[in-house]
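Asker: Pasting a structure below so you can have a look.
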Ligand SMILES: [Zn+2]
Ligand SMILES: [Zn+2]
């Protein structure tokens, strides 16, 4: 079920403190006084509480210190603003990859500008591109990622090659699983493929904890269940 009542981060219930304390917002990193955290200690500030999906993705990817792009994606996917399916995943994919890519290199200051550019480019990729154009937006998101971190343009040579090649590789992984579309499955496949590609072509390792297990099968009417590589046993 979609998380509509509990903590935006983990879905668990809230606990009210006897006296207010300083807490750090999970998404934006700002510190506020609060008397309400979830049972696992998560705090989300009022401003982040009101943000739409793109805002939460932009804030969290800019502030997180995480280096596992799947872990960053899973935290975002649990926020109810990020729907089960939808074009916000076209931005989520490059944003989490940019976050992990620069965090692992100790260059977090670069993230803000790149993530902003990724958001603008991801808006060019409409929903349903997978079935209508034969070009899943999660795969396009990996191309946006490599284009931004290598500075590719339509006139580049090597950077142009890498940008198109990473999209091709991740799109193949997505295509070979067959439909119907699942923005969670395709996001996991795209990120995993992009991490392998980045290691092989740029020498930057973004470690991904395995196995990758999906927490959303009950929210997806078309879940492939045991035919999905991420279906929980
Ligand atoms: Zn929580
Ligand atoms: Zn916040």
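Every number in this text was worked out from the coordinates using simple rules, so none of it is lab data. Small disclaimer: the values here were computed from a predicted structure and weren't measured. Cβ placement follows ideal geometry from the backbone for every residue including glycine, while neighbour counts extend to all protein chains displayed.
Asker: Helix-only estimate, please: 222 nm mean residue ellipticity of the chain, summing -39500 (n - 2.57) across DSSP H runs of length 4 or more and dividing by its residues, to the nearest 500. Provide the component values of the computation, followed by the final result.
Answerer: Numbers: 9 runs with 112 residues, N = 233.
When only DSSP H runs of four or more count, the value is -15000 deg cm²/dmol.
Asker: Taking R0 as 22 Å, what FRET efficiency do you get between residue 227 and residue 175 from their Cβ-Cβ distance, rounded to the nearest 0.05? Could the numbers behind the result be given before it?
Answerer: Numbers: r = 15 Å, r/R0 = 0.67.
Here the calculated transfer efficiency is 0.90.
Asker: Take the Cα gyration tensor of the stretch 1-50, multiply each eigenvalue by 5, square-root it, and list the three semi-axes largest first, rounded to whole angstrom.
Answerer: On the way: eigenvalues 59, 37, 13 Å².
They are 17, 14, 8 Å, listed largest first.
Asker: Using a basic spin-label model with each label point 7 Å from the Cα along Cα→Cβ, how many nm lie between residue 124 and residue 157?
Answerer: Result: 2.3 nm between the two label points.
Asker: Next question, about the same structure. With a point put 7 Å past each Cα toward its Cβ, work out how far residue 164 is from residue 36 in nm, to one decimal.
Answerer: 5.2
Asker: I've got another one for you. Semi-axes, largest first, in whole Å: what does sqrt of 5 times each Cα gyration tensor eigenvalue give for the stretch 171-233? Intermediate results must be reported in sequence, preceding the final value.
Answerer: On the way: eigenvalues 112, 35, 13 Å².
Values for the stretch 171-233, descending: 24, 13, 8 Å.
Asker: Could you tell me how many degrees, from 0 to 90 and to the nearest 10, lie between the Cα long axis of helix 69-78 and the main elongation axis, the longest principal axis, of the Cα atoms of the chain?
Answerer: Approximately 50 degrees, to the nearest ten.
Asker: At a Förster radius of 35 Å, what calculated FRET efficiency corresponds to the Cβ-Cβ distance of residue 202 and residue 46, to the nearest 0.05?
Answerer: It comes out at approximately 0.35.
Asker: Here is a follow-up. Tell me, in nm to one decimal, what length is gained between residue 65 and residue 12 on full extension, where the rule is 0.36 nm per residue of separation less the Cα-Cα distance? Before the final figure, lay out the partial values.
Answerer: On the way: separation 53, 0.36 × 53 = 19.08 nm, distance 2.33 nm.
Difference between extended and current length: 16.8 nm.
Asker: May I pose another question? Could you tell me what a quarter of the Cα convex hull surface of the chain works out to, in nm² with one decimal place? Write down the numbers at each step before the final one.
Answerer: On the way: hull surface 51.0 nm².
Directional mean of the projected Cα hull area for the chain stands at 12.7 nm².
Asker: Given N residues in the stretch 1-87, what is Rg(Cα) / (2.2 N^0.38 Å)?
Answerer: On the way: Rg = 12.7 Å, N = 87, 2.2 N^0.38 = 12.0 Å.
The value comes to 1.06.
Asker: For 129, 156, what's the fewest-to-most ordering of other Cβ within 10 Å of each Cβ? Numbers along the way, then the final one.
Answerer: Values: 129 19, 156 14.
By the 10 Å Cβ count, ascending: 156, 129.
Asker: Gaussian network model of the chain, Cα springs within a sub-10 Å range: biggest mean-square fluctuation belongs to which of 146, 208, 174?
Answerer: Top of the fluctuation ranking is 208.
Asker: Give me 77, 84, 206, 124 sorted ascending by neighbouring Cβ count inside 10 Å, so fewest comes first.
Answerer: Details: 77 20, 84 17, 206 24, 124 11.
The most exposed by this proxy come first: 124, 84, 77, 206.
Asker: Report, in degrees rounded to the nearest 10, the 0 to 90 angle that the Cα long axis of helix 53-63 makes with the longest principal axis of the chain.
Answerer: Approximately 90 degrees, to the nearest 10.
Asker: Can you tell me which of 62, 167, 210 moves the most in a GNM of the chain? Springs connect C-alpha atoms under 10 Å apart.
Answerer: The residue with the greatest mean-square fluctuation here is 210.
Asker: Further, regarding this structure: Could you work out which residue, out of 209, 168, 73, moves most in a Gaussian network model of the chain, that is, has the largest mean-square fluctuation with Cα springs under 10 Å?
Answerer: Maximum among the listed residues: 209.
Asker: Could you work out how much longer the chain between residue 215 and residue 83 gets when fully extended? Use 0.36 nm per residue separation minus the Cα distance between them, nm to one decimal.
Answerer: Numbers: separation 132, 0.36 × 132 = 47.52 nm, distance 1.32 nm.
Working it through step by step, the gained length comes to 46.2 nm.
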